[in-house]
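Worksheet for the structure shown next.
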Amino acid sequence: MSKKEKTAKTEYAERLRAFRKMAEVSQENLAKALAVHQPYIASIEAGNVSIGIDKLEEIAAYFGIKYYKFADPEYPIPPKMELRENIEKYVRSTQTEPGYLKDESRTFAKHIDALLETDFLNEFKTAKEIALACKKRFDVDIEAFRVTDILSRQPRKNLLDVIKPETGKFNRYRLKTANPAKS
């Protein structure tokens, strides 16, 4: 096959990118809605990853299209407003984090930063406990997986001690500079 011939992966990559651009959705927001990481979406769009039928169906459902129409390069991409309405339906039906629709991700980080300046994390806490504290103190709904994501990035990553569980899947977090006098 010559380099100019398109493979199924590259055609799908172009198709996904075209749908995403038409809907004006970032790779990061698409990744959040599908519960994957942004580099995975970037790899699909680069034609570097072969995805299974389940993921194909999930991506198509996000845009409100049947999987076979989504993959068909002859099928016209719906207008932006139709795609946005379909995306909102998908996000609500899958109970994706409410901040996704309101673009509150930056606000979540600000709330977690404010929490880091208190004595709350002088003792080890799970992401779920941190999310509940954000709900009580700031009246925001944030999912535990978003707390984990925010805490695993710079600069917060360097501020915390993390205990990974021997069994289970819930890390526990504490400020490295926790003042024992406050505990």
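The values are calculated or read from the model by the stated rules, or taken from the named source; none is laboratory data. Note that the structure is predicted; figures quoted are calculated from it, not measured. Positions of Cβ are backbone-derived with ideal geometry, glycine not excepted, and every protein chain shown enters the neighbour counts.
The number of residues in the range 68-99 that are within 14 Å of Ala8 (Cα to Cα) and in contact with an Asp or Glu (Cβ under 7 Å, 6 or more places away or on another chain) comes to 1. The sole residue among Ile65, Ile44, Ile51 that is part of a helix (DSSP H, G or I), β-branched (Val, Ile, Thr) and either surrounded by 13 or more Cβ atoms within 10 Å (Cβ to Cβ) or touching a residue at least 60 places away in the same chain (Cβ under 8 Å) (or both) is Ile44. Annotation: Arg84 fulfils all but one of (1) assigned to a helix (DSSP H, G or I); (2) surrounded by 18 or more Cβ atoms within 10 Å (Cβ to Cβ); (3) in contact (Cβ under 8 Å) with a residue 12 or more places away in the chain; the unmet one is (2). Among the residues of the range 126-155, those that are in a helix (DSSP H, G or I) and either touching a His at 6+ places or on another chain (Cβ under 8 Å) or outside the structural domain of Phe108 (by TED's automatic domain parsing) (or both) comprise Cys134, Arg137, Phe138. The one condition from (1) under 16 Å from the mean Cα position of the chain (by Cα); (2) closer than 25 Å to Arg153 by Cα; (3) surrounded by 14 or more Cβ atoms within 10 Å (Cβ to Cβ) that Arg20 does not meet is (2).
Say we look at the range 113-139 and pick out the residues that are touching a residue at least 40 places away in the same chain (Cβ under 8 Å) and within 23 Å of the chain's Cα centre (by Cα); which of these is surrounded by the most Cβ atoms within 10 Å (Cβ to Cβ)? The extreme case among them is Ile130.
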